[in-house]
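Accompanying notes for the structure given below.
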Amino acid sequence: VGGANYQVPVEVSPHRPMAHPKRWLKESARKRGEKSMAQRLANELLEAAEGRGGAMKKRDEVHRMAEANKAFSHFR
């Protein structure tokens, strides 16, 4: 009753450093408008290599949230 919820940033496990980026690439590719999944994924990878695209936006969003909640990292 009356408690507060905090988003506590945690370090990514060294055993799974690419799990989230791969998932973000797949999800971003699915949202694209190209006809085939192969074309969607290819274009998403090209945009990611250029620092653009949905997966890169998601990465930036996660980094922004971690920075914004850095003050709560001592709760872990």
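Bear in mind that the values in this text are calculations on the coordinates, not laboratory data. Just so it is clear, the structure is predicted and the values come from calculations on it, not from any experiment. Neighbour counts run over all protein chains shown; Cβ positions are idealised from the backbone, glycine included.
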- Message: What do you get for the angle between helix 54-68 and the principal long axis of the chain? Use alpha-carbon atoms, 0 to 90 degrees, nearest ten.
- Response: 10 degrees
- Within 10 Å of each residue's Cβ, count the other Cβ atoms and sort Leu46, Leu41, Leu25 from fewest upward. Leu46, Leu41, Leu25
- Message: Is there a quick way to get the dipole size of the chain? I mean about its Cα centre, with the Cβ of Lys and Arg at +1 and of Asp and Glu at -1; what is the value in debye to the nearest 20?
- Response: 260 debye
- Task: Positive end of the charge dipole of region 36-76 (Lys, Arg +1 and Asp, Glu -1 on Cβ, about the Cα centre): tell me which of Met65, Met37, Gly51 has its Cα farthest that way.
- Result: Met65
- In whole angstrom, how long is each semi-axis of the equivalent ellipsoid of region 22-76, when you take the square root of 5 times every eigenvalue of its Cα gyration tensor and sort them from largest down? 29, 10, 7
- Message: Through the Karplus equation 6.51 cos²θ - 1.76 cosθ + 1.60, θ set to phi - 60°, convert the phi angles of region 20-32 into ³J(HN,Hα) values in whole Hz; use x for Gly and Pro.
- Response: 5, x, 5, 5, 5, 4, 5, 5, 5, 5, 4, 7, 6
- For Glu27 and Arg76, extending 7 Å from Cα along the Cα-Cβ vector and measuring point to point gives, in nm, a value of 1.9 nm
